[in-house]
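What follows is a short report on a single structure.
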Amino acid sequence: MELNSLSVLDRNIVEWMNQHRIPSLDTFFIFMTDTVFAVPVLMALLLIWVLFFKVDNKLKVRSIQAILTFSCNTIVVTVLKYAIGRQRPYINDQLITKVTSGGSPSFPSGHTADAFIVAMIISQLFPTKLGLKLIIWLWAITIAYTRIALGVHYLSDVLGSVIISYLIAISLNRLFRNKCCRMVDIKYIPK
């Protein structure tokens with residue numbers, strides 16, 4: 001399949017999802033997409049609290065890992081957004097209704113990247129907490145869906161964000177498991 005065909009498919013998917021959304025759910029989806037700012041901030045505050053007020057070295061190293069993972073993801077996504085400069089779907093297609101905020105370049109989706117990196121971090125920090133992981137992954141998938149249905153991202157923007165977040169989380173997890181924990185002489189729990 002050539003690149004032009006993929007671009008048309010990408011546009012057709014967002015157009016269809018945007019036009020076939022249930023408008024009575026728009027307020028709920030806007031609320032959900034806006035939670036992407038609150039959840040990482042709350043998580044960061046909790047991790048900073050752990051760094052300054054807990055004495056458990058394992059917990060401190062895991063907190064540093066989480067903060068670095070989120071920060072690296074944010075930097076990579078922001079640099080890519082402005083380096084690529086892809087226009088939003090509602091700008092390129094008059095049939096797509098912009099239902100929520102979205103003003104910076106489109107690829108990759110910052111909201112989706114934030115949601116998925118949080119889900120990856122939570123999954124790595126709490127590997128046995130299945131209920132927590134289920135809730136956070138459903139939240140992340142909902143964020144990804146809302147970005148397309150509300151007309152501000154293409155499917156490829158969302159998928160690119162998921163891949164970027166996954167690669168960064170896995171890479172930093174390996175780095176911390178293999179190198180950083182040996183430097184502070186602790187056993188690393190998450191695998």
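Only one of the numbered conditions (1) surrounded by 18 or more Cβ atoms within 10 Å (Cβ to Cβ); (2) at pLDDT below 90 is violated by L42, and that is (1).
Quick grid of which residues meet (1) part of a loop (DSSP other than H, G, I, E, B); (2) under 18 Å from P127 (Cα atoms); (3) modelled with pLDDT of 95 or more; (4) touching a Leu at 6+ places or on another chain (Cβ under 6 Å):
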{"residue": "W137", "(1), (2), (3), (4)": "no, yes, yes, no"}
{"residue": "I141", "(1), (2), (3), (4)": "no, no, yes, no"}
{"residue": "G151", "(1), (2), (3), (4)": "yes, no, no, no"}
{"residue": "S165", "(1), (2), (3), (4)": "no, yes, yes, no"}
{"residue": "I170", "(1), (2), (3), (4)": "no, yes, no, no"}
{"residue": "D185", "(1), (2), (3), (4)": "yes, no, no, no"}
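The residues of the range 103-121 that are more than 30 Å from R62 (Cα to Cα) and either open to solvent by 10 Å² or more (accessible area, probe 1.4 Å) or free of Cβ contacts under 8 Å to residues at least 24 places away in the same chain (or both), listed by number, are G103, S104, P105. If you scan the range 15-33, which residues turn out to be in contact (Cβ under 8 Å) with a residue 24 or more places away in the chain and either hydroxyl-bearing (S, T, Y) or within 22 Å of A113 (Cα to Cα) (or both)? Of everything in the range 15-33, those that are in contact (Cβ under 8 Å) with a residue 24 or more places away in the chain and either hydroxyl-bearing (S, T, Y) or within 22 Å of A113 (Cα to Cα) (or both) turn out to be E15, M17, N18, D26, F29, I30, M32, T33. With the structure loaded, tell me whether Q124 is among the polar types (S, T, N, Q) and either crowded, with 17+ Cβ neighbours inside 10 Å or part of a helix (DSSP H, G or I) (or both) or whether it fails that test. So Q124 fits the description; yes.
Scanning the range 56-80 for residues that are open to solvent by 20 Å² or more (accessible area, probe 1.4 Å), at pLDDT 85 or above and among the β-branched types (V, I, T) yields a count of 6.
Scanning for something under 25 Å from A149 (Cα atoms), assigned to a helix (DSSP H, G or I) and in contact (Cβ under 8 Å) with a residue 40 or more places away in the chain, does the range 52-67 turn up at least one residue? If you could, list the steps in order and put the result at the bottom.
Initially, the range 52-67 is screened for residues under 25 Å from A149 (Cα atoms), giving none.
No, because not a single residue in the range 52-67 is under 25 Å from A149 (Cα atoms), assigned to a helix (DSSP H, G or I) and in contact (Cβ under 8 Å) with a residue 40 or more places away in the chain.
Among residues belonging to the range 86-101 that are closer than 22 Å to V36 by Cα and of a type outside the set (K, R), point out the one that is surrounded by the most Cβ atoms within 10 Å (Cβ to Cβ). Ranking the qualifying residues of the range 86-101, first place goes to P89.
For the range 2-14, the condition of being in a helix (DSSP H, G or I), of a type in the set (D, E, K, R), touching a residue at least 24 places away in the same chain (Cβ under 8 Å) and closer than 19 Å to L125 by Cβ holds for none of the residues.
Is at least one residue of the range 140-159 touching a Cys at 6+ places or on another chain (Cβ under 9 Å) and buried (at least 20 other Cβ atoms within 10 Å of the Cβ)? Checked against the condition, which is being touching a Cys at 6+ places or on another chain (Cβ under 9 Å) and buried (at least 20 other Cβ atoms within 10 Å of the Cβ), the range 140-159 yields no hits at all. Among (1) loosely packed, with under 14 Cβ neighbours inside 10 Å; (2) modelled with pLDDT under 90, there is one condition T27 misses while meeting the rest; what is its number? Failing condition for T27: (2).
From the list V14, V79, pick out the single residue that is under 30 Å from L175 (Cβ atoms) and β-branched (V, I, T).
Numbers: V14 fails: under 30 Å from L175 (Cβ atoms).
Criteria check complete, one pass: V79.
I'd like to verify a number: residues in the range 2-58 that are charged (D, E, K, R) and under 21 Å from F107 (Cα atoms), how many?
Residues of the range 2-58 charged (D, E, K, R): 2, 10-11, 15, 21, 26, 34, 54, 56, 58.
Subsequent filtering for residues that are under 21 Å from F107 (Cα atoms) retains 2, 10-11, 15, 34.
The number of residues fulfilling the criteria is 5.
The values are calculated or read from the model by the stated rules, or taken from the named source; none is laboratory data. Note that the coordinates shown come from a computational prediction; the quantities given were computed from them, not determined experimentally. Positions of Cβ are generated from backbone atoms using ideal geometry, with glycine treated the same way; all protein chains shown enter the neighbour counts. The area values use the complete protein model at the heavy-atom level, side chains included, leaving out ligands, DNA and RNA. Shrake-Rupley method; radii C 1.70, N 1.55, O 1.52, S 1.80 Å.
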